[in-house]
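Have a look at the structure that comes next, please.
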Amino acid sequence: IGSTNVANWKNDGAIYMTEGGRVYLEYSGKGKTLTEQRSYYRRHNCANIFSSAPMLIDDYDQVGETFVPANLTAAQISSYNYEHPYNHQGVTHPRTVYATTENNRLLLIAIDKDRQKGTVAGMSARDATKFLKYHFNPQYALNMDGGGSTAISVKGKLVNTPSESTGERAVASYLLIHD
């Protein structure tokens, strides 16, 4: 974790795995400054931890529904800087979501948006939270990334349609699950 200008809200949740192989999602950045979040992650005892945002569901609490105030209009949301959480999470985007169920099943979810054809609308943080609750009822859910980096590959085969016209985007981090 270097010194970056990443906004505080972009690190409010994390996914990690214990030595015993149990996967956890946690709302670890809630109420912490960026400095406090970085200190917390540095002290964490897991070898691999990915922080991201926003946390969508925290122990069944649908926190992603309140990330952006419900009374904001589309025009108000778009008036904020793109990196402001209201603008960034209040509009539709492709999304990569990791979720865990009560019995610790890991769900990997890609929400697509075909930006070239406009055939799929993507989802806001609020809509993604409602969708997850209705279809999967996970105990925890964390929005990992979005845009052109939303891609899921199973056994080497891409199983969703990335929003970039060139297909998958080269990204520096990913979650690899093997059997």
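The values are calculated or read from the model by the stated rules, or taken from the named source; none is laboratory data. Since we're looking at a predicted model, the values are computed, not measured. Virtual Cβ from ideal backbone geometry, glycine too; neighbours counted across all protein chains shown. When the accessible area is computed, the model is the full protein with side chains, heavy atoms only, and any ligands, DNA or RNA have been set aside. Shrake-Rupley method; radii C 1.70, N 1.55, O 1.52, S 1.80 Å.
Confirm whether Ala70 is hydrophobic (A, V, I, L, M, F, W, C) and surrounded by fewer than 18 Cβ atoms within 10 Å (Cβ to Cβ).
yes
Another one. So which pairs qualify, if the first residue must be in region 151-170 and under 19 Å from Tyr98 (Cα atoms) and part of a strand (DSSP E or B), the second must be at pLDDT below 80 and of a type in the set (S, T, N, Q), the Cβ gap must be under 8 Å, and the two must be at least 6 apart or on different chains?
Here the result reads none, with nothing in region 151-170 linked to a residue that is at pLDDT below 80 and of a type in the set (S, T, N, Q).
Hey, could you check region 95-132 for residues that are modelled with pLDDT of 90 or more and part of a loop (DSSP other than H, G, I, E, B) and say which is farthest from Glu26 (Cα to Cα)?
Ser124
Have a look at Tyr80, Tyr41, Tyr86, Tyr16 and point out the one that is within 24 Å of Gly147 (Cβ to Cβ), free of Cβ contacts under 8 Å to residues at least 12 places away in the same chain and not polar (S, T, N, Q).
Details: Tyr41 fails: free of Cβ contacts under 8 Å to residues at least 12 places away in the same chain; Tyr86 fails: free of Cβ contacts under 8 Å to residues at least 12 places away in the same chain; Tyr16 fails: free of Cβ contacts under 8 Å to residues at least 12 places away in the same chain.
Exactly one of Tyr80, Tyr41, Tyr86, Tyr16 is within 24 Å of Gly147 (Cβ to Cβ), free of Cβ contacts under 8 Å to residues at least 12 places away in the same chain and not polar (S, T, N, Q), namely Tyr80.
Moving on. Inspect all residues belonging to region 26-35 and state whether any of them is touching a Phe, Trp or Tyr at 6+ places or on another chain (Cβ under 6 Å), open to solvent by 20 Å² or more (accessible area, probe 1.4 Å) and not in a loop (DSSP other than H, G, I, E, B).
No, the conditions are met nowhere in region 26-35.
What do you reckon, is Thr100 out of contact with any Gly (no Cβ under 9 Å at 6 or more places or on another chain), closer than 30 Å to Glu19 by Cα and of a type in the set (S, T, N, Q)? Spell out the reasoning first.
Details: out of contact with any Gly (no Cβ under 9 Å at 6 or more places or on another chain): yes; closer than 30 Å to Glu19 by Cα: yes; of a type in the set (S, T, N, Q): yes.
Taking the combined requirement at face value, the residue satisfies it.
Here is a follow-up. Report yes if some residue within region 147-166 is open to solvent by 40 Å² or more (accessible area, probe 1.4 Å), under 29 Å from Gly21 (Cα atoms) and either among the small types (Gly, Ala, Ser) or modelled with pLDDT of 95 or more (or both); otherwise report no. Outline the logic, then answer.
Applying the first criterion (open to solvent by 40 Å² or more (accessible area, probe 1.4 Å)) to region 147-166 yields 153-159, 161, 164-166.
Now drop any that are not under 29 Å from Gly21 (Cα atoms), which leaves 153-159.
Checking the rest, the ones that are also either among the small types (Gly, Ala, Ser) or modelled with pLDDT of 95 or more (or both) come to 153, 156.
Yes - at least one qualifying residue is present in region 147-166.
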